[in-house]
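Notes follow the structure.
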Amino acid sequence: MKSVFKWFLRAVIALIVLVILLLVVGFFVVNSNSFQNKMLQRADAMLEEKLQTRVDIDSISFNLLTLNAELYGLYIEDRQHRPMLRADLLKANADLLPIIIDGIVRVNEARLQGIRAEIHHIPHDSIDSIPNYKFILDAFKRDHNPNQKELRKELKKKKQKIAFAMSRLTAEKIDVHFNHYHFSLGALAFKESKGKLGVNIERLSAKWDRTNKKGWQVSHSATIASIALRSERAGEVLADINGLHFSNDNHHPRKNAGKPKRGFFDAEHVNAYADLKLTVDYNKLDSVFGRLTECTVRDTIMGVDIRDLQTDFLYNKEGLHLRDFFVQQVNTTLRFDKGFIQLPSKKTGRPFTFRTSFIKGRAILKDISRPFAPVLKDFTEPLNLSVRFSGEADCLRFNDVRVSTDDKQLQVAAKGTITGLKDKTQLRVHFDIDRMTAKGGSKERIIKQFPVKRFMMKQLHALGTLHYTGSFNVLYKKEEFQGRLGTAAGALNFYFALDENNKYLSGRASTDSIEIGRVMDMKDIGPVAATATFKVDISKPRTAIMRKRLGGKLPIGEVHAHVTRASYKFVRTRDLTVHIVSDGAVAQGSLDAPGKWMDLSCTFSFTNTNEMQKTKINPKMKLRLFGKSDMTDEEKAQLKAAKQAEKAQKKAQKQEEKAARKAQKQQDKAALQAEKQMRKEQKQQQKAEAKAAKQEAKQAKKDEKAAAKAAKKAEKEATKAAKKAAKAAD
């Protein structure tokens, strides 16, 4: 019996030794170059047969003991025999024990080097209407046999889930072409250790082309010098993005090229650089919270220069919430406490809207001169600003606008809207000036900031403090200004328009009483009540010809006026007709005052508006014998025509004023409704925020109670354990 047992024991030992020897021999065979080369040849042949295209692999190397695998020189063509995928090196190293013990595939290190991919999928192209990589997906996808569905479900239930974890990933020289898009990555390094993550990306770039509405090809380029991502705890990411550069070019002149009065802003000629740092916390359910701590943006073409941009943000299903927003340009700082951007949704029909609390700050308009208004390039007067901003995709609203200088000599209160943003021909900027006051020398100081020719500055000073109420419209190639201007010399109602097509400034003005002699430094002229129309040529080519031929500094145009009441020295008169024509060098005018017994008239001329006391006046008088007019039939017809024209003008003016009042009323109504809607939305938001705050407070109280209860329980258990330990010690 003992001999049989000894024989069996020896046989078992021999079998174990044989198995070990076989495993060792098999391990060395599998790890040998000859075996791996044979496997490589078979793999090449199998892949080519499976994919029906050319597949090349220079060499492979794997080690079963260390679970280290390396693949060199991968090359795959698509079905059109074009290079589709090339890789210089694919490497992976994994731990064996976690797979055996916990079923976790832990990759200690993975490395990608020299990846070049050519992917094509152009729906309207006959060759690439189907993606050139689809044949790979089709070759390896499983057969969808209905009889095997239940079996797969059962196997899936029984199958133990395998977790995947990676400690380190590096990638170098990644280059991907997708249709007209080109993406490249210089280097990527990913590291995970004890729950802390770190990602460094260098030389990330993208290039692509698109066709605009005019059929021009617009080239785009975006590069990032480096991105550093860190995560010290779960759910939080700190990002540092440096050297962000975006540029585009439609290969045509900038839209405002050759127009020095217009800004450099052009969405298809951008050359912007940015650096930013932000923190993102995505622990909250269905929301992402973060803070942009640093951001600088500058554009070398347009002249945009943002020195700092900071804000807290919360993104959830409602939209994007902004808090403590702050932006600083060279000399301008703006901030607001709260803002909300509602993102559009086709599924729910939700439109794009936005609103802010009061935006407050200090602005110097020089900061926006190059991109939007070169005329402001010397505007260094500090302005204090306050406004509430809201709008939709095609409309911007400005409510409670307040602008003032530091000395309060200039103060403006207004509101306005900008509509038709999607089509420049439909663009309409409308602002209502509820109140504007300009005291002291603020008028001259503001005007002197602009690099324009200054006419009648002396008369402007003589007007004293200005009070203005009115509105202005900026339309497609047209600007309109209207309202009532109160001065120390009297009040004036006016309307004037700039016609950008024909290059004329035209309008009308009326006053019940204005001391024109005081304004024009002509003491012999008393208060005047009058209506007038005017038209001034603002075309540089046309006026340049006249200036070259005649010289002079006067405006070029004409004025028609009807004076209902006026006085000169001791003479008082009514119903005067005035006509002035200026060629730029000399302004010549005529004044006619028909009376019952005699007709008074005069001609006058002047060359400088600052020296009106030097005006040359030639009076004329025509007697009417026996009270009868000795005017000719032609003069009578002219007088009648003038009166009819004046009557028609007054009627047209009344109709225009009525239409303007009606339009203003409708606009005020629309603005009121919009404001009501905004207030309603704000109330709803405040209600939702209050409810959320209440729930948070309730939850905090509940958590506090639970913590107190847990602490009490822990204290009780500790006391019990202490008593038990004391009893055991006794």
> Is segment 331-338 home to any residue that is in the same structural domain as Arg370 (by TED's automatic domain parsing), closer than 17 Å to Phe389 by Cβ and in a loop (DSSP other than H, G, I, E, B)?
Replying inline: yes
>> Consider segment 192-243. How many of its residues are of a type in the set (Lys, Arg) and more than 30 Å from Ala267 (Cα to Cα)?
In response: 4
> Are there any pairs with C-beta distances below 9 angstrom linking a residue in segment 519-531 that is at positive phi to a residue that is aliphatic (A, V, I, L, M), with the two at least 6 apart or on different chains, and if so which?
Replying inline: Asp521/Ala462; Asp521/Met612
>> Can you find a residue that is surrounded by 15 or more Cβ atoms within 10 Å (Cβ to Cβ), touching an Asp or Glu at 6+ places or on another chain (Cβ under 6 Å), part of a strand (DSSP E or B) and of a type in the set (A, V, I, L, M, F, W, C) anywhere in segment 242-255?
In response: no
> Is it true that some residue in segment 462-471 is in a strand (DSSP E or B), out of contact with any Pro (no Cβ under 7 Å at 6 or more places or on another chain), within 25 Å of Val403 (Cβ to Cβ) and at pLDDT below 90?
Replying inline: yes
> Just one of Asp599, Asp592, Asp630 is surrounded by 11 or more Cβ atoms within 10 Å (Cβ to Cβ), modelled with pLDDT of 70 or more and not small (Gly, Ala, Ser); which is it?
Replying inline: Asp592
>> farther than 22 Å from Lys640 by Cβ and of a type outside the set (A, V, I, L, M, F, W, C): is that true of Arg547 in this structure?
In response: yes
> Just checking, which of Glu318, Glu268 is acidic (Asp, Glu), under 19 Å from the mean Cα position of the chain (by Cα) and under 28 Å from Lys422 (Cα atoms)?
Replying inline: Glu268
> Taking segment 378-394 as the region of interest, how many residues are within 23 Å of the chain's Cα centre (by Cα) and in a loop (DSSP other than H, G, I, E, B)?
Replying inline: 2
> Can you pull out the strands (runs of 3 or more DSSP E) entirely within segment 266-329 that have at least 2 residues that are of a type in the set (Val, Ile, Thr)?
Replying inline: 269-281, 288-299
> In segment 465-514, how many residues are in contact with a His (Cβ under 6 Å, 6 or more places away or on another chain) and over 24 Å from Lys261 (Cα atoms)?
Replying inline: 1
> Being part of a helix (DSSP H, G or I), at pLDDT below 65, over 29 Å from the mean Cα position of the chain (by Cα) and aliphatic (A, V, I, L, M), is that true of even one residue in segment 143-157?
Replying inline: yes
>> So the check is Cβ under 7 Å with 6+ separation or different chains; which pairs have a first residue in segment 297-325 that's closer than 30 Å to Lys347 by Cβ and a second one that's crowded, with 18+ Cβ neighbours inside 10 Å and among the small types (Gly, Ala, Ser)?
In response: Phe313/Gly290; Leu322/Gly339; Phe325/Gly339
>> I need the full set of residues from segment 461-514 which are over 20 Å from Thr531 (Cα atoms), surrounded by 14 or more Cβ atoms within 10 Å (Cβ to Cβ) and among the acidic types (Asp, Glu), in order please.
In response: Glu479, Asp499
> When the residues of segment 658-683 are filtered to those that are acidic (Asp, Glu) and closer than 25 Å to Phe340 by Cβ, which remaining residue is modelled with the highest pLDDT?
Replying inline: Glu681
> From the list Ala234, Ala171, Ala189, which residue is within 25 Å of Thr293 (Cβ to Cβ) and assigned by TED's automatic domain parsing to the domain that holds Val107?
Replying inline: Ala189
> Taking Ile174 and the conditions (1) in contact with a Phe, Trp or Tyr (Cβ under 7 Å, 6 or more places away or on another chain); (2) at pLDDT 80 or above, which numbered condition does it fall short on, given that it satisfies the others?
Replying inline: (1)
> Which one is modelled with the lowest pLDDT among residues in segment 556-567 that are crowded, with 19+ Cβ neighbours inside 10 Å and within 15 Å of Ile516 (Cα to Cα)?
Replying inline: Ala566
> When only residues in segment 339-374 that are assigned to a loop (DSSP other than H, G, I, E, B) and of a type outside the set (Lys, Arg) count, which is farthest from Phe289 (Cα to Cα)?
Replying inline: Ala373
>> Looking only at residues that are in contact with a Lys or Arg (Cβ under 6 Å, 6 or more places away or on another chain) and in a loop (DSSP other than H, G, I, E, B) in segment 514-550, which one is farthest from Val578 (Cα to Cα)?
In response: Ser539
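The values are calculated or read from the model by the stated rules, or taken from the named source; none is laboratory data. None of these values were measured; they are calculated from a predicted model. Here Cβ is always computed from backbone atoms with ideal geometry, including for glycine, and neighbour counts include all displayed protein chains.
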